[in-house]
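Contents: one structure, followed by commentary.
The values are calculated or read from the model by the stated rules, or taken from the named source; none is laboratory data. This is a predicted model, so every value here is computed, not measured. Glycine also receives a Cβ, built like all others from the backbone with ideal geometry; neighbour counts cover every protein chain displayed.
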Amino acid sequence: MHLFTVPNGPYSECVDVHYLNLACCAVEASSTQARAAAQALAGVPGPDVVVVAGTVTLAAADLVAAQIARVAEPRIVVAYGVCTIAGGPYWDSYCVVPGVPADVVVPGCPPRPEALAAAVLEALT
């Protein structure tokens, strides 16, 4: 069963989903359902997708940026969960990055895996 049906686009390469799992949202992003969605995208033409899930601290910010930069353009960066989007409940901590620049945001604490699948599909169409 494929969770995605994407029309052929201008891309010659197939989508590859990269996960940067940092905190509790990683449990949802790594769920069987989210992984099945990523496998369904393996044969779909499109840019690579980078999913950043969880709180990004100042100590990890350069590493996260470097990992995103390692994925070739064109790419779609997905901020998965309120901590990645805006720092979440830790927004006022001195060591938390107040959001990661992203093409797609998936709000929630934690968001459902279906929300990740829907956000990626929307970005691809």
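Things worth noting here:
- Residue within the range 79-88 that is under 19 Å from Glu122 (Cβ atoms), at pLDDT below 85 and under 15 Å from the mean Cα position of the chain (by Cα) present: no
- If only residues of the range 102-123 that are among the small types (Gly, Ala, Ser) and in a loop (DSSP other than H, G, I, E, B) are counted, the one that is surrounded by the fewest Cβ atoms within 10 Å (Cβ to Cβ) is Gly108.
- Given (1) β-branched (Val, Ile, Thr); (2) assigned to a loop (DSSP other than H, G, I, E, B); (3) modelled with pLDDT under 90, number of the condition Val49 does not satisfy: (2)
- Of all residues in the range 40-64, exactly one satisfies the criterion of being surrounded by fewer than 17 Cβ atoms within 10 Å (Cβ to Cβ), closer than 17 Å to Glu122 by Cα and of a type outside the set (Gly, Ala, Ser), namely Pro45.
- The range 65-101, subset more than 15 Å from Val17 (Cα to Cα) and aliphatic (A, V, I, L, M), residue surrounded by the most Cβ atoms within 10 Å (Cβ to Cβ): Val100
Matching residues to (1) more than 18 Å from Ala34 (Cβ to Cβ); (2) of a type in the set (Phe, Trp, Tyr):
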{"position": "Ala65", "(1), (2)": "yes, no"}
{"position": "Ile68", "(1), (2)": "yes, no"}
{"position": "Val71", "(1), (2)": "no, no"}
{"position": "Pro74", "(1), (2)": "yes, no"}
{"position": "Val77", "(1), (2)": "no, no"}
{"position": "Ala86", "(1), (2)": "yes, no"}
{"position": "Tyr90", "(1), (2)": "yes, yes"}
{"position": "Tyr94", "(1), (2)": "yes, yes"}
{"position": "Gly99", "(1), (2)": "yes, no"}
